[in-house]
Amino acid sequence: MLDEDMEELRQLYTELAKLEKKGELGEALADYVERISIYDLAMLCTSIMRTDDFIPGPYGKKLGLSMRDKIYDGYQRMLTMKSAGAFKKMTGDVRDKATLKGFCGEMIKVSGPLLESAKIYGDLGKAWTILYCLTSCFSMFVLDKPGHPAGMPFPGGFCVENRGGVYYCPSKGKQKDVTYAFCNFCPSRQADIG
């Protein structure tokens, strides 16, 4: 399992913030996440599916499935793209370099508290914390997709929607002051939920 400490994560995010090309960023993220074994990933995804133990009802089950898919799909996609050489062919710029730097700066600030809270859950908590942040970075800055995947449920029955390649999130404009929220860095638009 991962042996990260705050200094190692600070160094990682400092290096990621310097990257300007999507391919370079994707490669760096893939290099990092490949340190997590498929066994550890399976254990992590199994534990995520227990979300409905803490959040009852259909919302907990849907949230668990969505989070599992986000982590697993992001992990697999990064490694598949790396092994296929896809990142070397991605020469385009990161959509917004200042926003990437802001995201990495925020991750430096929150990594300490996130790792502290992850201690409660042991190695799986640490792996979940790190993978959640890195798969979000991959989605938002390499793929230009939202941090939360289309279909991810939010309280009230709303979800992230893909409308012709434009993503709408029911929570985008409502999380500006929420610690650990990626909304300020996400390319999605605020959904009109009336």
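The values are calculated or read from the model by the stated rules, or taken from the named source; none is laboratory data. Everything numeric in this text was worked out from a predicted model, so none of it was measured. Cβ placement follows ideal geometry from the backbone for every residue including glycine, while neighbour counts extend to all protein chains displayed.
Quick grid of which residues meet (1) assigned to a loop (DSSP other than H, G, I, E, B); (2) of a type in the set (Gly, Ala, Ser); (3) in contact with a helix residue (DSSP H, G or I) (Cβ under 9 Å, 6 or more places away or on another chain):
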| site | (1), (2), (3) |
| --- | --- |
| Ala127 | no, yes, yes |
| Phe138 | no, no, yes |
| Pro149 | yes, no, yes |
| Asn162 | no, no, no |
| Gly173 | no, yes, yes |
| Asp177 | yes, no, no |
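From the list Met81, Met90, Met107, the lone residue that is in contact with a Cys (Cβ under 6 Å, 6 or more places away or on another chain) and at pLDDT 85 or above is Met107. Could you list all residues from region 26-46 that are aromatic (Phe, Trp, Tyr) and in contact (Cβ under 8 Å) with a residue 60 or more places away in the chain? Once the filter is applied, which keeps residues that are aromatic (Phe, Trp, Tyr) and in contact (Cβ under 8 Å) with a residue 60 or more places away in the chain, region 26-46 yields only Tyr32. Note on region 176-194: among residues that are under 13 Å from Phe154 (Cβ atoms) and in contact with a Phe, Trp or Tyr (Cβ under 8 Å, 6 or more places away or on another chain), the one that is modelled with the highest pLDDT is Ser188.
Do we have any residue at all in region 53-70 that's acidic (Asp, Glu) and at pLDDT below 75? Among the residues of region 53-70, at least one is acidic (Asp, Glu) and at pLDDT below 75, which makes the answer yes. Each residue in region 130-183 was checked for being in contact with a Gly (Cβ under 7 Å, 6 or more places away or on another chain) and either under 23 Å from Met90 (Cα atoms) or in contact (Cβ under 8 Å) with a residue 40 or more places away in the chain (or both), and 7 of them qualify. Which count do you get for residues in region 5-22 that are at pLDDT below 90 and aliphatic (A, V, I, L, M)? Final tally of qualifying residues: 2.
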